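Please treat every number below as a calculation from the coordinates, not as lab data. Note that this is a predicted model, so its numbers are computed, not measured. Cβ: placed from backbone, ideal geometry, glycine included. Neighbour counts: every protein chain shown.
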Amino acid sequence: MREIFFSSSQVLTYIIKRCYLKSYYINQAKAQRLLYCSYGSVMALFDMRLTDERPITWEAGPIFPRALFDHMHHQLNFSDQQNPLEQRLCPPAILYVINQTVDNFARKSADELNEFLTAPGTPWYIESNKGENLGVIMGDELIHQYFLENVINPDAYDGPTMEISITGYSNTNDMWA
């Protein structure tokens with residue numbers, strides 16, 4: 001699995017800003033669910049971890065502890081011009097998937113999202129043993145499979161390609177996804 005090491009707090013900041021710009025209702029719980037959906041969607045489409053933090057099981061569903069802490073303690077920097085997502089320093093395909101995920105899931109209420117993400121068969125349900133084990137780091141492979149089977153249809157993806165240059169090659173025809 002390839003990894004992108006965007007800070008979970010930076011991705012969460014980007015998601016919250018998008019919600020405000022699109023006039024989607026957002027609160028802390030919903031922000032965490034949208035971050036998780038973005039994480040799972042990127043993983044399903046590109047076999048790639050979106051953030052430097054993995055989600056854990058928590059009472060109300062999956063959360064990213066550091067991003068939640070930063071959000072709860074007003075440490076998200078909404079005026080940071082250095083956020084790589086806003087500077088478009090991350091691959092366009094990643095931004096596209098985050099934007100599409102937010103647009104798709106932000107219309108749901110936090111309760112609807114929570115119900116969807118904690119239902120029997122979901123990674124949260126399995127990893128938490130039906131909500132009994134909290135604080136468990138959720139497995140990427142389980143998240144990948146669930147989003148691939150239940151959320152994302154790679155054949156229907158029509159966004160930018162995920163091209164990463166092969167080190168040592170300057171020919172743009174030698175790209176891989």
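Structure summary
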{"item": "Long-range lysine pairs (8 or more apart or interchain), the chain, Cα under 15 Å", "result": "4"}
{"item": "Sequence-distant residues sharing a close amide H with residue 58 (under 5 Å, placed H)", "result": "63, 135"}
{"item": "DSSP bridge pairs, the chain: antiparallel proportion in percent, nearest 5", "result": "65 percent"}
{"item": "Listed residues 162, 55, 75: farthest to the positive end of the dipole of the chain (Cβ charges)", "result": "75"}
{"item": "Cut-off under 5 Å, modelled amide H: who pairs with residue 151 long-range", "result": "none"}
{"item": "Computed over the chain: relative contact order in percent, which uses C-alpha pairs under 8 Å that are six or more apart", "result": "28 percent"}
{"item": "Residue-by-residue Karplus 3J(HN,Hα) for the stretch 32-37, coefficients 6.51, -1.76, 1.60, Hz, glycine and proline x", "result": "5, 5, 5, 5, 5, 5"}
{"item": "Difference of contour (0.36 nm per residue) and Cα-Cα distance, residue 133 to residue 99", "result": "9.1 nm"}
{"item": "Charged-residue dipole, Cβ positions (Lys, Arg, Asp, Glu), the stretch 2-176 about Cα centre, Debye nearest 20", "result": "500 debye"}
{"item": "Virtual spin-label span in nm between residue 156 and residue 126, 7 Å along Cα→Cβ", "result": "2.2 nm"}
{"item": "Cα→Cβ-extended label distance, 7 Å offset, between residue 74 and residue 107, nm", "result": "3.4 nm"}
{"item": "Listed residues 155, 47, 103, most fluctuating in the chain (Gaussian network, C-alpha, under 10 Å)", "result": "155"}
